[in-house]
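Presented below is the structure to which this report refers.
Just so you know, all these numbers are worked out from the coordinates, no wet-lab data involved. Quick caveat: nothing in here was measured; it's all calculated off a predicted structure. Glycine also receives a Cβ, built like all others from the backbone with ideal geometry; neighbour counts cover every protein chain displayed.
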Amino acid sequence: MRILLVEDDEKLNQSLVFQLEKEGFQVDACQDGEEALYYIRQHIHDLILLDRMLPGLSGTDILLKMRRLKDQTPVILITALGTLDDKVTGLDLGADDYLVKPFAFQELMARIRCVTRRPRKLQLNEQLSFGDIIYRTDENMLTGLLSSCSISKREGALLEVFLRNPGQTLSRPLLLAKVWGMDSDVEDGNLDNYIHFLRRRLKAVGSSICIRTVRGVGYRMEA
C-alpha cells in the first residue's frame with residue numbers, strides 16, 4: 001500500500017515515515033500544501049495522512065479541492081485541533097477519519113486498517129487505461145484491441161491496483177492487503193491464481209500487456 005504523508009512538523013514527519021515503512025508501507029512524504037497537491041494529482045496513493053495546519057495551503061483546502069475534483073482517495077486528517085466542531089468540519093469536508101495529536105502509533109495503525117477496509121467510493125463511469133486496454137470500474141469491463149469482457153470484482157480490484165501503478169513492481173504483501181484487506185489471512189496461492197486469471201483475460205481481449213513475475217518480490221505490469 002502506498003501512503004502520502006503530509007506533515008509540516010519535520011520530527012513527526014520523519015518518525016511516521018520510519019514507523020510506517022517498518023510496517024511494510026511505501027511512503028511519500030512532504031511538508032507543505034503545494035507539494036502535496038503535486039503528489040495528489042499523480043493519483044498513485046491508496047491513502048493520504050493529511051495535517052490540517054500547513055504553511056500556505058491548509059489541509060482542509062487540499063481536502064476540499066480533492067473532493068470537488070471527485071478524488072475519493074481515503075484521507076485521515078491529523079491535527080492538534082480536537083474540539084467537536086473541528087472534527088465535524090473535517091468530516092463534513094470529506095475526511096474519512098480524524099486523528100488528534102498527540103497520538104500513539106498503534107492508534108494510527110488501527111485507523112488505517114479501519115479506513116482501508118471500507119468499500120471504496122468509485123467515480124461513476126471511471127475509466128482506467130494503460131497500453132492497449134481500458135478498464136471501466138463501474139461495469140467491471142475490460143476492453144482490449146480485439147474484444148471486451150466482463151471480469152469478476154476480485155479480478156477488477158487486482159487489475160485496478162496494477163493500472164494505478166503502471167510499470168511499478170508491487171510486492172505480494174501490498175497486493176494482498178489492497179485486494180483482500182490488511183487483516184485478511186488469505187493464502188498466497190490465491191494471489192497467484194488471480195494473476196493467472198488476469199493474464200488469461202488480457203490475452204482473451206487481444207492485449208499485449210504483460211504481468212511480469214518479479215522473483216522474490218511480487219509482480220509488475222508492463223505494456
Problem - Contact order relative to length of the chain, as percent, for alpha carbon pairs under 8 angstrom and 6 or more apart - result: 14
Practice task
Give me the angle, in degrees from 0 to 90, between the Cα long axis of helix 59-68 and the longest principal axis of the Cα atoms of the chain, rounded to the nearest 10.
Solution key: 40
Completion exercise
Dipole check, the chain, charges on Cβ (K,R +1; D,E -1), about Cα centroid: among 43, 223, 19 the Cα furthest to the positive pole belongs to 223
Practice task
Please tell me the relative contact order of segment 2-117 in percent, rounded to the nearest whole number, where contacts are Cα pairs under 8 Å and at least six residues apart.
Solution key: 22
Exercise for the section: May I have the convex hull volume per residue, in Å³, for the Cα set of segment 1-144? Expected result: 119
Exercise for the section: Could you give log10 I(q)/I(0) at q = 0.28, 0.31 Å⁻¹ for segment 146-198, computed by the Debye formula over C-alpha point scatterers of equal weight, without solvent? Expected result: -1.27, -1.43
Practice task
Pick out, in residue order, every one of the GluC sites (Glu not before Pro) in segment 141-210 that is DSSP loop and has at most 15 other C-beta atoms within 10 Å; say none if there are none.
Solution key: 187
Problem - Listed residue pairs exceeding 22 Å between alpha carbons, taken from 22/65; 22/178; 11/101 - result: 22/65
Fill in the blank from the handout: FRET efficiency (residue 57, residue 223; Cβ distance; R0 35 Å; to 0.05) is 0.50
Handout entry: Surface/4 of the Cα convex hull for segment 67-223, nm²
Key = 10.6
